[in-house]
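The values are calculated or read from the model by the stated rules, or taken from the named source; none is laboratory data. Nothing here was measured: the structure is a model prediction, and the numbers come from that model. Cβ coordinates were reconstructed from backbone atoms using ideal geometry, including for glycine residues, and neighbour counts include every protein chain displayed. Areas reflect the complete protein model, heavy atoms only, side chains present, ligands, DNA and RNA absent. Shrake-Rupley method; radii C 1.70, N 1.55, O 1.52, S 1.80 Å.
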Amino acid sequence: MSAQPDHLPARLWWLLAALTVAWGFNWTAMKVALSVIPPWSFRTLCLGLGSTVLFAVLRAGGQPLAVPRQQWLRLWMLAFFNITLWNVLIAFGLTMIASGRAAILAYTMPAWAIPLSMFILGERLTRQKAAGLALGMAGLALLLRDSFMQFGDAPLGALLVLGASVCWALGAVLQKRYPMAMPAGAYTAWIMLLGGAPIFVCALFFDDWRVLHGVGWRPALALSYNVLVAFAFAHWAWIKIATAVPVTVFSLSMIVIPVVGVLSGMLFLGERPSWLEYAALALVLGSLVATVLPTRQLR
């Protein structure tokens, strides 16, 4: 761990930029798709088709796909936290709150990843990371206060998305604590498939697949975006970044994604964030500074 950089290397900036656009616009795509497609079915299609596409690309490129025999249990655990819980909680939470607000709440992930990485991995806290943590928690407090002042499903939706953020943070830390001895592409494809398995079963029992016959072109396009861009490509990009730098660095590096999420919701869905959401977004974005320059350790 000591050999890893304490900021995001320049060689990964292009990958982070692509990931930011891919996952930022995906909040709008998910909102559109979930307006017609039930959550279990939506996630089944995303993970099932997304992993299939990635497996096919890797196989065509001659990449190794084998899982080390002694690491299957570890792979199931990582898939459960990084894929299963995140995808289920986000899908249901997004049906209850605006896509921009969901994006901001979801990317409070660094606020949970930083203390978890200190406790589980022994990563050291720096001044800038401490500032990023404080800013992220302040933004989270604003959003939760506003959510619980609303009526209907908004409080529950906010809690579901927040729960997804915590699960993702834990999964990211466990991913560093228990690394897989396999290439990033194969690992990504496998966790998508294994993490989707419980979701596939639930879709069979709880959803009526006949609703897919009436899906229009916009939800179909949103689903295609999820499969090809948000899952097949972006999950691979996330693994590449996540395995190259410490948890605190990559988690804070992705904090700019909700900016794209909020803007895309305004552009395509007509969402109008409140001043509290703008304030929360500004606070959350402040933590991005922690990944730009090398930092000094707190003593």
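Annotations
- The range 83-102 residues near the modelled residue 266 label - backbone nitrogen below 19 Å, point 7 Å along Cα→Cβ: 98-102
- Charges were assigned to the Cβ only: +1 to each Lys and Arg, -1 to each Asp and Glu. The resulting dipole of the range 1-116 about its Cα centre is roughly 180 debye.
- Fraction of accessible area attributable to carbon and sulfur, the chain (%, probe 1.4 Å): 70
- Largest-first principal axis extents, alpha carbons of the chain, Å: 60, 50, 30
- Value of [θ]222 nm, deg cm²/dmol, for the chain, DSSP H segments ≥ 4, -39500 (n - 2.57) each, nearest 500: -21500 deg cm²/dmol
- Residues 13, 236 ordered from highest to lowest accessible area at a 1.4 Å probe: 13, 236.
- Extension gain, residue 130-residue 224: 0.36 nm per intervening residue step, less the Cα-Cα distance, totals 29.9 nm.
- Nitroxide proxy distance, nm - points 7 Å out along Cα→Cβ at residue 13 and residue 35: 3.7
- Distance between the modelled labels on residue 73 and residue 153, one decimal in nanometres: 3.9 nm (7 Å Cα→Cβ projection).
- Convex hull volume per residue in cubic angstrom - Cα atoms of the range 81-130: 79
- By the rule of a C-alpha distance below 21 Å, with chain neighbours fewer than 8 residues away ignored, the lysines paired with residue 240 are 176.
- Accessible surface ranking for 180, 96, 254, 1.4 angstrom probe, highest first: 96, 180, 254.
- Cβ-Cβ distance of residue 57 and residue 211, R₀ of 22 Å, FRET efficiency by 1/(1 + (r/R0)^6): the value works out to about 0.15.
- Under a Gaussian network description of the chain, with springs only between Cα atoms under 10 Å, the residue in 201, 53, 161 that fluctuates furthest is 201.
- Springs join every pair of Cα atoms under 10 Å in this Gaussian network model of the chain, and among 63, 128, 175 the largest mean-square fluctuation is at 63.
- Build a GNM of the chain with springs between Cα atoms under 10 Å apart, and of 194, 12, 170 the one that fluctuates most is 12.
- In Å, descending, principal axis extents of the Cα set of the range 42-172: 52, 39, 24
- Helix runs (DSSP H) in the chain reaching 20 Å along axis by Cα, Kyte-Doolittle at least -1.0: 13-34, 39-60, 127-148, 154-177, 184-206
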